[in-house]
């Protein structure tokens, strides 16, 4: 999944939840119903008792930490809690920026980044602060994450990573969005199977020509919508398998290139591409170009890991009630159980993490802030604004009590504005909190995204916690093997989509398998299998 808009996706994702508790995350108790008020602290230091500030950096080319005073939450926290955050910009070149900061011994106090290898390199170099001494003093993270927190521990047994959008409930937006007006003009046909989808796309092309794109696969270069199509060709075929370049067979991870489901899906996708039923610039277009087409209503079917079309739906339906978008249950191959098709995934650990470096003068104070930020008070502020207008106090479940002055548009605008400062999102808390408001409304008055998450996407996202942390160290021998296999996959994936025949698709994948095995693919699969089995033991509490 592309990282560039994942925060936005998760903000919208956090609006509703299906209520299904994450099964199998731990054999030990995990708190999914914490205390009815913000967690009591046994700390020696209380947030807000004295002002302090720290520097923060986001390790992404596409992201810079915004000015703290530019957000409602930032201003409120600075004024009421005395916390000021000084941003350090990546300026579009995160790798170079981080290297420069390391070389000059000028790391920021907090870094927001992907969990995994980069974090471990910093830890091994002695640059990070462990959190273990703070967990009982500031208990929100421990309360809400429970034993799943152990999956974030480093090889030395200590915790250095504060997670973002960790969860004990399903979340995600992956699936299919349908152009309402086009669908109606074509007679509202059945759209359930891959055969139905093909027939529908053919009709779209025949009626509208080049004015409407039959299938928009979001960012195909990041697997996006094409990966969603893959999941429809077998029960329990997961998007995650494409990312780890492996498919589980029994207790082993096996080659993706030889997987019958993957090969059949690629033949189907290639057929759609050959017949110009998929955007011909699918691998080169930008996100802005995609969103422009969706906003203009020039897309019949929009598939992806985050095909949210709420803004487009509102704009198109403003003057034409027959226009706009809606979501459908995931497409599946005929004969499969539609309730075992999962176009998207989620993990208990969520997305990325915050780490505190040893440049911080008061790391405990920073942790206290991060912990408050992930708790009820911080999350309520980020999602509903300062206490007073939209909410006042907490109910018996620890959720905000919404006032008669609750302004849904103001809340939505606030959440969008706070997108770029949601570093410690607590999905398990905010989803049911948001649902308490939305569930009281009739479907037609509910937030567009919230409605379809409740009806479609939340029930069709799969838990892939067991498949996390399956990447070897980048500079190790296996890390180099992984890079070669990734390069082989990336090239073969695009080539197979653009193949001239079904036979050529298989030939390309056969050649990719040979090249991958020559690069050491079998050793990578063996290593990943061991790491996968270790994950399952940790999840089981063994």
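The values are calculated or read from the model by the stated rules, or taken from the named source; none is laboratory data. This is a predicted model, so every value here is computed, not measured. Methodologically, a virtual Cβ is constructed for each residue, glycine included, from the backbone with ideal geometry; neighbour enumeration extends over all protein chains shown.
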Condition met for residue 492 (touching a residue at least 12 places away in the same chain (Cβ under 8 Å), more than 24 Å from residue 330 (Cα to Cα) and buried (at least 20 other Cβ atoms within 10 Å of the Cβ)): yes
Test: residue 405 is surrounded by fewer than 20 Cβ atoms within 10 Å (Cβ to Cβ), part of a loop (DSSP other than H, G, I, E, B) and in the same structural domain as residue 71 (by TED's automatic domain parsing): yes
Check on residue 142, surrounded by fewer than 20 Cβ atoms within 10 Å (Cβ to Cβ) and not in a helix (DSSP H, G or I): no
Of residues in region 445-465 being outside any helix (DSSP H, G or I) and at pLDDT 90 or above, the one surrounded by the fewest Cβ atoms within 10 Å (Cβ to Cβ): 464
Some residue of region 326-335 being in a loop (DSSP other than H, G, I, E, B) and out of contact with any helix residue (DSSP H, G or I) (no Cβ under 7 Å at 6 or more places or on another chain): yes
Counted residues, region 284-302 - those being buried (at least 18 other Cβ atoms within 10 Å of the Cβ) and assigned to a loop (DSSP other than H, G, I, E, B): 2
Tally, over region 145-157, of residues that are part of a loop (DSSP other than H, G, I, E, B) and within 22 Å of the chain's Cα centre (by Cα): 1
Selection status of residue 366, in contact (Cβ under 8 Å) with a residue 40 or more places away in the chain, in a helix (DSSP H, G or I), over 21 Å from the mean Cα position of the chain (by Cα) and in the same structural domain as residue 211 (by TED's automatic domain parsing): no
For residue 475: the one exception among (1) without any contact (Cβ under 8 Å) to a residue 12 or more places away in the chain; (2) within 30 Å of residue 273 (Cβ to Cβ): (2)
Considering residues of region 97-120 that are touching a residue at least 60 places away in the same chain (Cβ under 8 Å) and part of a helix (DSSP H, G or I) only, the residue surrounded by the most Cβ atoms within 10 Å (Cβ to Cβ): 119
Lone qualifier among 305, 279 - being crowded, with 22+ Cβ neighbours inside 10 Å and more than 21 Å from the chain's Cα centre (by Cα): 279
Selection status of residue 261, in a strand (DSSP E or B) and touching a helix residue (DSSP H, G or I) at 6+ places or on another chain (Cβ under 8 Å): no
Conditions (1) under 20 Å from residue 358 (Cβ atoms); (2) touching a residue at least 60 places away in the same chain (Cβ under 8 Å); (3) surrounded by 14 or more Cβ atoms within 10 Å (Cβ to Cβ): number failed by residue 126: (3)
Region 265-286 residues that are at positive phi and touching a residue at least 40 places away in the same chain (Cβ under 8 Å), paired with ones that are surrounded by fewer than 21 Cβ atoms within 10 Å (Cβ to Cβ) and not in a loop (DSSP other than H, G, I, E, B) (beta carbon under 8 Å, 6 or more apart): 276/205
Tally, over region 418-444, of residues that are at pLDDT below 85 and closer than 29 Å to residue 236 by Cβ: 1
Filtered residues of region 435-444 (kept if in a loop (DSSP other than H, G, I, E, B) and within 24 Å of the chain's Cα centre (by Cα)): 439
Test for residue 23: is it in contact with a strand residue (DSSP E or B) (Cβ under 8 Å, 6 or more places away or on another chain), in a loop (DSSP other than H, G, I, E, B) and modelled with pLDDT of 75 or more: no
Some residue of region 330-342 being under 30 Å from residue 79 (Cα atoms) and either out of contact with any strand residue (DSSP E or B) (no Cβ under 7 Å at 6 or more places or on another chain) or modelled with pLDDT of 95 or more (or both): no
